[in-house]
1. Using protein chains only and a probe of 1.4 angstrom, how many square angstrom of Trp71 are accessible, to the nearest 10?
2. So, in nm, how far is label Ala214 from label Gln249 when the simple model puts each one 7 Å beyond its Cα toward the Cβ?
3. For segment 157-219 and segment 71-111, what is the centre-to-centre distance using only Cα atoms, to the nearest Å?
4. Taking 7 Å along the Cα-to-C-beta vector as the label spot, tell me the Asp190-Gln273 distance in nanometres, rounded to one decimal.
5. Under 12 Å between alpha carbons, and skipping anything fewer than 8 positions from Lys163 in its own chain: which aspartates and glutamates qualify?
6. Report the accessible area of Asp89, computed with a 1.4 Å probe over the heavy atoms of all protein chains in place, in Å² rounded to the nearest 10.
7. What full-extension length gain, to one decimal in nm, is calculated for Val237 and Ser133 as 0.36 nm per residue of separation minus the Cα-Cα distance?
8. Would you mind getting me the FRET efficiency between Ala123 and Lys284? Use the beta-carbon distance for r and R0 = 56 Å, nearest 0.05.
Amino acid sequence: MLQRLLLLLAAAAMIFTGVWWLYTGGHIPRSVSPPPPSVVAPAMPPAPSPARPAPGSPAAWIASPGEVEPWSGEIRLGFAREGIIGAVDVAEGDTVQQGQILARLAGEEYQARVAAAGQALAASEARLDDLPSSAGKKERQDAKAAVDAARAALVAAQAQAEKAVLRSPIHGLVLRTFRRPGEVVSPSRDTPVLTVGDTSRLRVRVAVPERDIARLAVGQRAVLIPEAFAKHRFTGVVSHLAPSLRGPQDARSLDVVIDLDGTPHLPIGLAVQAYIIVRPGGEKELEQEMPRGEKEKRGAVLEGSSRDSRDSRGSAPGPRRGT
C-alpha cells in the first residue's frame, strides 16, 4: 500500500514538473535587475549663424545714378569779347594741345592794330638810338617816354587781338562744338563755342540724396554699371564730396565724384548706375542681393584696372575717347 502511494506522488511530481517546463518555455527564471538609468546629454547651444545685418538695417551700399565725365571736367570755352566767329579750326573728337588756337573772330583789324603798334615802337626806339650825344636831358627823356608809350600801345593791341582768338587751356579732347562761323557771340550772353576735357582718365559724378549723405566717405569703393553696356562692370573709388547740397528743398542731393579704375574707353555723358559700398563685405552682398535674371543680364565680369589690357585690345565697350 505504501509503495503504491509513493509511485502516485512521484507521478504527480513528474506531471507538475512537465507542466512547469511547458509554461516557462524551457528557461530557468533569473532575477531581473532594474535597467540602468538613462544618461541625458547636456543641451548644446545652437551653432552661431553667419553674421547678417539686422532686419531693417540700411543696405551695404548706396545706389544712385550718375554720368561719366572727363578727369578735368567739361571745360566750356568762349570768346572774351563780342564779335562774329570767323573760323572754328577744330572738330569734335580732335586732340588739342595746351595753347592751341581753336577758333577766331572775323576781322583783320586786330592783327592790323598789332602790326601798326609794332611799327610805331620800332620807330620810337630808332629815334632814341639816333639821338646825338649833344642832345639835351629833356630831349632824351621825351624820346624814352615815346618808346614807353609805344610799347604800352603794342601790349594793349596784342591783348585785344588775343581776345579775338580762342585757345585750349589744357591738353585734351574737343568734346562738343556749339557755334559755327558767321554766328555772333558775346561774353554777356554765355555763348560757349566749344567744350574740351582731359579724357586720359575718367570719373563719374553721382547725385546722392540728402538722406544718405551721412554714410558717405572719401575712399569708399564703388561698382558702376553703364545702362548701355549692362554686361560690363567697372570699379572706382570716391575721391571728392561736394561741400554743399544742391536742388530744391524737398529733393536736395550731394555731388559725389568717383574716379574710375584704369583707363576704360567710355563716351562722355554715359549714364551709369553707381553702387557706393558703405559697409565691409558690401560688394559680395550686392552680388547676392541682385536678382538672378539681373545678374545673368549684367554678367559677372568686373572691369577695372586689371582688365585695362582687354580694353586696349578693343574688348571694352564704347568708342575710344583717349587723348
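The values are calculated or read from the model by the stated rules, or taken from the named source; none is laboratory data. Note that this is a predicted model, so its numbers are computed, not measured. With ideal geometry, Cβ positions are generated from the backbone for all residues, glycine too; neighbour counts draw on all protein chains shown. Each accessible area value is taken on the protein alone, full model and side chains, heavy atoms only, with ligands, DNA and RNA left out. Shrake-Rupley method; radii C 1.70, N 1.55, O 1.52, S 1.80 Å.
1. 90
2. My value for the distance between the label points is 2.1 nm.
3. If we compute the Cα centre of each part, the gap is 12 Å.
4. Rounded to a tenth, the inter-label distance reads 3.3 nm.
5. Within the straight-line cut-off, Lys163 pairs with Glu82.
6. Rounded to the nearest 10, that gives 80 Å².
7. So the extension gain works out to 30.1 nm.
8. That pair, Ala123 with Lys284, gives E of 0.10.
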